[in-house]
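Notes follow once the structure below has been shown.
Throughout, read-outs are computed from the coordinates displayed, never taken from laboratory work. Just so you know, these numbers come straight off a predicted model, no measurement behind them. Ideal geometry is used to build each Cβ from the backbone, glycine not excepted, and the neighbour counts take in all protein chains shown.
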Ligand code: AMP
């Protein structure tokens, strides 16, 4: 595996691969890699000649009171996992190369960025959109791989790729879970033993809401009540930021589910913010 730290160099390397008609698959991450990340890598390896993974804890997507400084970092462990997985290039840029002094350009996907997580994390998706466009321009992938775990992120990235005519295929991969259903996440490392147990309420709630929908409950207020009831029954859940059903394209909460919907949850357990989601389809497919 080649380790590259300088954007100009990886850009040059990618251009050489493209000139030789090699397809580049790209997996952007913030590191502290788990099986969820590695599933994206495996998908990229299956579909491309060259797989590039980036590890960059992007300061621009963290709010002032968020966990940028204490976000877990494990470059040694990550490098070993990526070597094992057969990654071709690891891109590991410094903040100063990604955002030189005086950088003033941002990418903003309006409206979608203000909903769900965006409402509670102002500026977060502007930071995500900006870094993703920069990374895409540096790496020049044909395909880029993202997890469904961050559903809103995938909607925003698909939108910006389309509207900025970037011509990159955005591939969304299923959420990988621990045995008890908790979605794998680098932030799970923050949880104490009790909090880790309590966190399983998120998956249980999604499963319950999803079977309610399959059993014909399509009024979103009712679905929300079921979800809130379950989440609030767990004493370690400190704050439920949102839990409801949303349109998978607009991320707006409808009155009733017609066809496909996103069941999504964001909450705080102790000081840790966790998110998860599931896509459901009504029995009649919305007809
Ligand atoms: P992160 O390092 O948290 O920025 O995540 C990098 C990529 O891995 C994003 O596209 C995430 O959606 C994806 N990812 C994170 N957790 C999971 C998971 N449990 N299953 C599948 N993909 C994931």
- Semi-axes (Å, rounded, descending) of the ellipsoid equivalent to the chain per its C-alpha gyration tensor are 33, 21, 18
- Task: Could you list 139, 57 in order of exposure, starting from the residue whose Cβ has the fewest other Cβ atoms within 10 Å?
- Result: 57, 139
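Using helices alone, I'd like the mean residue ellipticity at 222 nm for the chain: each DSSP H run of four-plus residues gives -39500 (n - 2.57), total over residue count, nearest 500.
Working: 10 runs with 108 residues, N = 287.
One gets -11500 deg cm²/dmol as the mean residue ellipticity at 222 nm.
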- Rounded to the nearest 10, the angle in degrees between the Cα long axis of helix 151-163 and the longest principal axis of the Cα atoms of the chain comes to 50 degrees
- Message: Can you tell me the length gained on complete extension of the stretch residue 239 to residue 189, counting 0.36 nm per residue apart and subtracting the Cα distance?
- Response: 16.1 nm
- Using only alpha carbon pairs under 8 Å that are at least six residues apart, calculate the relative contact order of the range 155-287 and give it in whole percent. 22 percent
- Message: Can you tell me the orientation of helix 75-85 relative to the chain, as the angle in degrees between its alpha-carbon axis and the longest Cα principal axis, to the nearest 10?
- Response: 90 degrees
- With Cα atoms, 0 to 90° folded angle of helix 220-232 axis to the chain main axis: 80 degrees
- In a Gaussian network model over the chain where Cα atoms closer than 10 Å are linked, find which of 105, 154, 248 has the largest mean-square fluctuation. 105
- Note on the structure: GNM of the chain, Cα pairs under 10 angstrom: of 33, 18, 82, the biggest fluctuation goes to 18
- Message: Using Cβ counts within 10 Å as a stand-in for footprinting exposure, how do 45, 258, 149 rank, fewest first?
- Response: 258, 45, 149
- Item | Whole-Å distance, taken between Cα centres, linking the range 245-262 and the range 103-148 | 22 Å
- Task: Evaluate the relative contact order of the range 108-163 (contact order divided by residue number), counting alpha-carbon pairs under 8 angstrom at least 6 apart; express in whole percent.
- Result: 42 percent
- Task: Please report 92, 263, 135 as a ranked list, fewest other C-beta atoms within 10 angstrom at the top and most at the bottom.
- Result: 92, 135, 263
- Note on the structure: So, relative contact order of the chain in percent, Cα under 8 Å, 6 or more apart, is 17 percent
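For the pair residue 207 and residue 34, what calculated FRET efficiency results from E = 1/(1 + (r/R0)^6), where r is the Cβ-Cβ distance and R0 = 25 Å, to the nearest 0.05? Please report the intermediate quantities before stating the final value.
On the way: r = 21 Å, r/R0 = 0.86.
For R0 = 25 Å, the calculated efficiency reads 0.70.
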- Query: What is the range 140-287 by shape, rounded, prolate or oblate, if you read a ≥ b ≥ c off the alpha carbon gyration tensor as root eigenvalues and call it rounded for a/c under 1.5, prolate for a/b larger than b/c, and oblate otherwise?
  - Reply: oblate
